[in-house]
């Protein structure tokens with residue numbers, strides 16, 4: 001025991017020494033310019049955490065308008081509301097920048113097993129899918145576990161409904177089947193495609209999402225089914241049963257309609273032509289309420305800029321929040337922003353996208369120069385109170401992507417605890433009930449501090 | 001430290017002493033009759049845990065027939081299948097005992113908010129509800145949080161749709177609103193009733209279940225909505241918005257149809273007229289696949305008796321598995337069994353119901369004499385390997401209830417880890433995907449050992 005106690009004492013002494021050295025190093029490493037931002041950062045965090053204002057505004061958005069697919073009246077109404085609210089908030093240069101968006105309509109839809117048993121399948125048609133004939137489509141179904149198995153069956157799939165039963169691993173791994181699965185099945189003559197939903201097994205929860213038809217292939221109707229239904233079809237097939245499925249989808253693409261990106265600013269006091277953009281998308285899929293994807297990102301970005309304005313913190317450069325349109329099935333908002341702001345992209349200092357949910361924030365992903373990375377890492381150190389100090393390897397987002405690419409801009413994304421994200425992604429369960437007010441407030445704080453400091457720095461971030 | 005070490009040493013010595021005494025007491029307390037059952041119990045447990053036979057049979061039941069509401073063809077087909085399979089298993093006196101059951105049909109149904117926003121509500125009509133007029137029913141809706149709030153609003157509810165937004169606490173606390181809510185609202189002139197689902201918040205998951213119309217009150221249509229939708233309606237109302245809801249339900253009650261309780265036995269070698277019953281219900285709600293409620297209970301009970309038969313363990317008394325019909329919306333199977341077996345109830349030694357899911361087993365609930373409780377507690381001690389040694393305060397079940405009451409019989413229920421039970425209860429998510437093969441196997445082992453030993457004891461359990 002004595003020896004152990006001696007060792008423990010030594011460890012304790014060493015620990016104090018290491019901590020002291022670390023603190024000194026940390027103080028040395030912390031640049032003097034950062035000190036000027038400690039007080040405003042503290043005020044912004046305090047203001048963000050003071051109440052549930054952000055959550056209440058997100059509730060108002062999602063309760064009042066529900067889901068907001070491009071082309072839906074609800075998105076148009078939400079845009080009008082956001083513009084009016086932003087003006088009431090005292091934000092500057094509030095405007096709706098016109099974007100023409102696709103107008104895909106789901107219509108009535110259903111799928112059922114017809115044989116060897118009659119039962120409903122929990123389904124959601126995939127975005128941009130064509131419909132079936134009005135009376136529906138009934139055919140033998142073949143379950144495959146991979147593209148390799150699809151290719152092995154090849155011509156035997158003619159006239160069949162192909163069911164991809166690919167268990168969810170990562171989004172990147174499995175979303176390929178949603179994107180390309182219909183056209184790859186159609187190449188073998190399949191008449192429709194069903195997809196095990198891209199997400200963890202939920203509560204019989206289908207996940208929609210966009211598909212991409214390959215040029216020159218027949219366009220066949222495609223829908224996601226719940227993981228449980230895919231497993232059941234697999235077991236029935238494995239028992240040697242012949243599967244017959246009936247699919248009915250009224251899905252169709254209508255002519256493009258006018259929509260808009262909503263833009264609001266706090267104009268920079270010294271270099272108004274230099275801009276830090278906080279981006280997100282106001283559109284959602286036509287299920288659930290688009291609370292996590294991406295109403296929460298919009299409210300967090302907007303609220304961050306509102307707090308900066310409310311506290312009288314006018315940074316050197318302009319802060320611009322952009323609620324993009326049509327991220328989900330066209331990305332027309334992101335493309336239109338790039339085109340409309342082509343001349344101004346050179347003045348874009350940083351674009352931050354918040355589209356990974358507004359759960360407990362962890363920090364930011366960042367793509368840019370090493371020098372800029374060092375700077376934003378220092379800025380993130382101001383976010384210890386909300387736990388968002390981590391700067392990850394890469395950052396960006398779908399909406400800001402076209403501009404970031406065209407302008408070769410530094411880009412960032414808010415990183416959060418994503419453990420629930422893909423369980424509710426593109427489902428009826430994407431509602432505000434999954435979002436904790438305190439987490440959303442922390443996201444607001446993180447975005448406010450990061451965007452304010454970067455917009456105010458004496459020198460702009462290098463590319 | 002010395003003193004502490006001295007104390008620790010003393011504690012250690014005392015602990016050994018206490019453990020020794022306990023072991024001696026335990027050996028003393030363990031009756032000699034139990035020793036004869038250690039070997040068969042071990043064989044039964046080994047056989048149950050050897051493979052996934054029970055899970056595979058449950059998958060076959062739920063995949064092949066799907067949900068099985070009284071009156072649905074799927075239940076009739078499942079009964080025919082069970083009888084045939086039980087005969088193939090070599091069980092004895094396999095038979096279908098006729099039961100007339102109600103035939104409630106859901107039909108097409110939907111609910112939507114019409115104002116202040118148009119959006120779908122995730123809903124399931126309540127079992128036994130009447131339908132709306134064919135064109136649906138549109139009315140102002142009023143959200144209440146309790147019966148007290150209902151009564152406070154009173155006559156102001158005339159012509160309205162009442163929405164009960166009662167967060168789930170326990171089933172007993174909240175199921176009152178499902179059972180009685182429609183008639184209590186109708187007493188004030190309400191034209192329909194919507195209910196926050198009786199269960200924890202899921203993934204926008206409505207829970208169906210039976211309602212009871214009070215005699216002499218108007219019968220109004222009633223449906224459950226997802227917890228998320230109830231919260232949204234509450235928030236809209238709290239913001240001063242006037243709610244209009246449209247409800248369309250084709251629900252209707254058709255004439256009774258013939259169904260059956262499925263019965264199979266291992267006939268007792270000495271006292272065949274004395275019976276231990278393993279009960280469960282083969283019917284389910286008309287959503288999901290009735291895997292947890294209660295296909296799993298049926299397969300576990302059946303598999304327990306099949307293993308006993310297969311291992312050549314013919315107990316002194318008769319083992320009888322009963323797959324009851326129509327537990328969910330009528331209890332006609334349980335009532336019919338009581339009536340058909342009135343003369344035989346005196347010979348019923350114990351009735352065990354398995355209807356709380358086949359998750360990880362913990363033991364049994366038991367209702368009966370202290371002497372019998374002491375005996376089954378000893379029997380449960382044989383189940384340490386599967387973790388099912390606990391004998392809880394009370395046991396029983398809906399199906400066995402009428403017989404237990406009529407015969408004043410000892411009753412039991414399999415107790416399991418119920419943490420997931422009410423999340424999937426009466427929902428589309430009640431599928432086999434929630435059930436672990438190893439847990440189900442442990443449930444089979446627990447039922448097999450308990451039922452076999454009680455059926456074989458030299459003396460029957462006292463009442």
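Assorted remarks:
- Tally of residues being over 18 Å from residue B:150 (Cβ atoms), away from chain A (no Cβ under 11 Å) and touching a residue at least 12 places away in the same chain (Cβ under 8 Å) across the range B:208-231: 3
- Filter result for residue A:165 (touching a residue at least 12 places away in the same chain (Cβ under 8 Å), within 29 Å of residue B:206 (Cα to Cα), surrounded by fewer than 21 Cβ atoms within 10 Å (Cβ to Cβ) and not assigned by TED's automatic domain parsing to the domain that holds residue A:288): no
- Residue B:196 fulfils the conditions (1) surrounded by fewer than 24 Cβ atoms within 10 Å (Cβ to Cβ); (2) within 14 Å of chain A (Cβ to nearest Cβ); (3) without any contact (Cβ under 8 Å) to a residue 40 or more places away in the chain except for a single criterion, (1).
- Residue within the range A:93-100 that is in contact with a helix residue (DSSP H, G or I) (Cβ under 7 Å, 6 or more places away or on another chain) and either within 14 Å of chain B (Cβ to nearest Cβ) or at positive phi (or both) present: no
- Among the conditions (1) within 24 Å of the chain's Cα centre (by Cα); (2) buried (at least 20 other Cβ atoms within 10 Å of the Cβ), residue B:121 misses just one, which is (1).
- Hits in the range B:326-359 (condition: in contact with a strand residue (DSSP E or B) (Cβ under 9 Å, 6 or more places away or on another chain), farther than 13 Å from residue B:276 by Cα and either assigned to a helix (DSSP H, G or I) or outside the structural domain of residue B:411 (by TED's automatic domain parsing) (or both)): B:332, B:333, B:334, B:335, B:336, B:337, B:340
- Qualifying residue in the range A:419-438 (condition: more than 14 Å from chain B (Cβ to nearest Cβ) and either assigned to a loop (DSSP other than H, G, I, E, B) or surrounded by 24 or more Cβ atoms within 10 Å (Cβ to Cβ) (or both)): yes
- Exclusive hit being crowded, with 18+ Cβ neighbours inside 10 Å, part of a helix (DSSP H, G or I) and either touching a helix residue (DSSP H, G or I) at 6+ places or on another chain (Cβ under 8 Å) or outside the structural domain of residue A:133 (by TED's automatic domain parsing) (or both), set A:279, A:288, A:295, A:268: A:295
- Scanning the range A:184-238 for residues that are within 27 Å of the chain's Cα centre (by Cα), assigned to a strand (DSSP E or B) and closer than 25 Å to residue A:117 by Cβ yields A:193, A:194, A:195, A:196, A:222, A:223, A:224, A:225.
- Of the residues making up the range A:45-74, those that are more than 13 Å from chain B (Cβ to nearest Cβ) and surrounded by 22 or more Cβ atoms within 10 Å (Cβ to Cβ) number 5.
- Counted residues, the range B:109-131 - those being under 29 Å from residue A:77 (Cβ atoms) and more than 14 Å from chain A (Cβ to nearest Cβ): 0
- If you go through the range B:108-144 and pick out every residue that is without any contact (Cβ under 8 Å) to a residue 60 or more places away in the chain and either closer than 18 Å to residue B:187 by Cα or not assigned by TED's automatic domain parsing to the domain that holds residue B:235 (or both), you end up with 1.
- Among the residues of the range B:393-411, none qualifies, meaning not one is within 14 Å of another protein chain (Cβ to nearest Cβ), touching a helix residue (DSSP H, G or I) at 6+ places or on another chain (Cβ under 6 Å), surrounded by fewer than 24 Cβ atoms within 10 Å (Cβ to Cβ) and more than 24 Å from residue B:198 (Cα to Cα).
- Flag for residue A:88 being more than 30 Å from residue A:127 (Cα to Cα) and either within 14 Å of chain B (Cβ to nearest Cβ) or at pLDDT 95 or above (or both): yes
- Residue A:103 vs. criteria within 14 Å of chain B (Cβ to nearest Cβ), modelled with pLDDT of 95 or more and either touching a strand residue (DSSP E or B) at 6+ places or on another chain (Cβ under 8 Å) or on the phi > 0 side of the Ramachandran plot (or both): no
The values are calculated or read from the model by the stated rules, or taken from the named source; none is laboratory data. Just so it is clear, the model here is predicted, and its values are computed rather than measured. All Cβ positions, glycine included, derive from the backbone under ideal geometry; neighbour counts span all protein chains shown.
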